[in-house]
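> Input: one structure, supplied below.
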Amino acid sequence: MNHIKRLLSVALLMFALVPAMAAEDFSAKEVVLEHIKDSHEWHVTDLGEGKPLVIPLPVIVNSSTGWHVFCSSKFEHHADANGLRQGPYGLAIATEGDNAGKIVENGEPVLDLSITKTVAVMFINVAILLCCILFSARWYKKRKASDGAPGGFVGFVEMLVMYVVDEIIKPGVGKGYEKYTPYLLTCFFFIFTCNVMGLIPFPPGSGNVTGNIAVTFFLALCTFLIVQFSGNKHYWKDIFWPEVPTWLKAPIPIIPVIEFVGIFTKPFALMIRLFANMMAGHAIAVAITCIIFLVAAQTVAVQLSMSALSVIMSIFMMCLECLVCFIQAMVFTMLSAVFIGLARVEPEHE
């Protein structure tokens with residue numbers, strides 16, 4: 001009963017903080033898209049009508065007048081009649097159309113190397129990850145092999161490392177797994193850190209790093225290159241001249257074509273699996289929270305009941321997301337290890 005009372009108290013508090021707005025003035029779609037998409041500024045919250053609290057980020061672009069480096073606060077917050085947020089040097093941020101969210105000049109995109117929200121959050125996550133790993137490494141540097149096992153945070157890091165190495169990397173890669181351990185551990189901890197930091201609804205968290213397909217594409221590309229350069233003669237023979245009936249290989253190379261396409265479908269599956277799962281998780285969690293705002297114009301009974309339901313579902317989704325953060329990092333690492341191991345497998349008769 002006490003837990004129910006606390007939950008209802010939280011619901012009442014959240015409802016009290018909801019601005020007086022009509023349901024038709026609130027767009028859940030815009031809130032969800034704003035959270036999962038990238039941007040040139042880091043939106044924190046709204047202090048009131050027309051007063052957003054944002055963290056400006058560096059803009060680095062190459063337009064027809066050369067390279068320009070300035071702060072994203074130079075752009076107008078509101079779009080004009082053409083759907084453009086005007087800025088310096090004849091540049092603007094498009095808010096609609098095919099170039100929505102991009103910096104344009106005369107309606108055409110420019111070369112953009114800006115530090116966007118996703119990039120900024122990724123840098124923060126990398127810095128946090130480096131601090132955690134170097135702190136743990138420093139503990140081992142000051143200890144002898146005969147000393148007892150570490151505890152606390154260092155012990156937690158050691159537990160994760162040993163679990164990933166012994167249960168994922170070693171069985172997946174097989175003999176000679178030591179050479180690939182640094183890369184696979186980096187993948188696991190980077191993805192895990194980004195996923196966990198994405199659950200924090202305020203800076204330095206709230207970034208949808210692994211829900212950005214450019215990030216997952218690069219991770220999958222790294223695995224793809226390592227797999228291809230690690231492949232032995234047996235791996236390439238199974239692709240271009242597999243042990244199947246000759247009529248399936250020549251004159252029409254049916255099986256070799258299928259095997260060759262499989263080279264690219266594996267990293268594609270890695271990319272889409274991580275991207276889709278993390279983006280969907282963030283979108284669902286934000287959408288459930290939006291229920292509170294969508295019922296703001298309803299009766300008190302509807303407001304309280306739906307707000308309580310939203311809080312309960314949000315807590316459930318956050319707990320589920322914590323589990324998903326670990327599972328997705330583990331699955332990406334496991335599949336990468338398996339793909340590397342398959343590229344290094346030896347013929348059965350050997």
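> Using Cα centres only, tell me the gap between region 43-114 and region 222-239 in whole Å.
Answer, in whole Å: 43.
> When a/c is below 1.5 the answer is rounded, else prolate if a/b is larger than b/c, else oblate, so apply that to region 144-297 with a ≥ b ≥ c taken from the square roots of the Cα gyration tensor eigenvalues.
Note, shape of region 144-297 comes out oblate.
> Determine the gain in length on full extension of the stretch Ile252-Ser73; use 0.36 nm per residue of separation and subtract their C-alpha separation, reporting nm with one decimal.
Using 0.36 nm per residue and subtracting the Cα-Cα distance, I get 58.5 nm.
> Pairs of Cα atoms under 8 Å, at least six residues apart: use those to get the relative contact order of region 171-320, whole percent.
Reported relative contact order: 21 percent.
> Once R0 is set to 30 Å, what does the formula 1/(1 + (r/R0)^6) return for the Cβ-Cβ distance between Lys51 and Ile115, expressed as a FRET efficiency to the nearest 0.05?
0.80
> Just to confirm, what accessible area per residue do you get for region 162-232 at 1.4 Å probe, in whole Å²?
Accessible area per residue: 44 Å².
> Next question. Based on the mean of other beta carbon atoms within 10 Å per residue, what is the order of 182-189, 129-136, 83-90, 239-246, most packed first?
Order by mean packing, descending: 182-189, 83-90, 129-136, 239-246.
> Any chance you could run the full-extension gain for Ala149 through Ile60? It's 0.36 nm times the residue separation minus the Cα-Cα distance, nm to one decimal.
Residue separation times 0.36 nm, minus the Cα-Cα distance, leaves 27.3 nm.
> Counting only the heavy atoms of the protein chains, how much of Lys117 is accessible to a 1.4 Å probe, in Å² to the nearest 10?
Probe radius 1.4 Å; accessible area of Lys117 about 20 Å².
> Using a basic spin-label model with each label point 7 Å from the Cα along Cα→Cβ, how many nm lie between Lys179 and Phe229?
Once both label points are built, they end up 1.1 nm from each other.
> Can you give me the relative contact order of region 105-197 as a percent, contacts being Cα pairs under 8 Å and 6 or more apart?
38
> What FRET efficiency comes out for the pair Tyr140/Phe260, r = Cβ-Cβ distance, R0 = 41 Å, nearest 0.05?
Given R0 = 41 Å and the Cβ-Cβ separation, E is 0.35.
> Mind ordering 210-221, 251-262 by average Cβ neighbours within 10 Å, highest first?
Top of the packing list down: 210-221, 251-262.
> Ignoring ligands, DNA and RNA, what percent of the 1.4 Å accessible area of region 128-193 is carbon and sulfur?
66
The values are calculated or read from the model by the stated rules, or taken from the named source; none is laboratory data. This structure is a prediction, so every number in the text was calculated from the model and none was measured. Here the Cβ is made from the backbone with ideal geometry for all residues, glycine too, and neighbour counts use every protein chain on show. All accessible areas refer to the heavy atoms of the entire protein, side chains included, with ligands and DNA or RNA removed. Shrake-Rupley method; radii C 1.70, N 1.55, O 1.52, S 1.80 Å.
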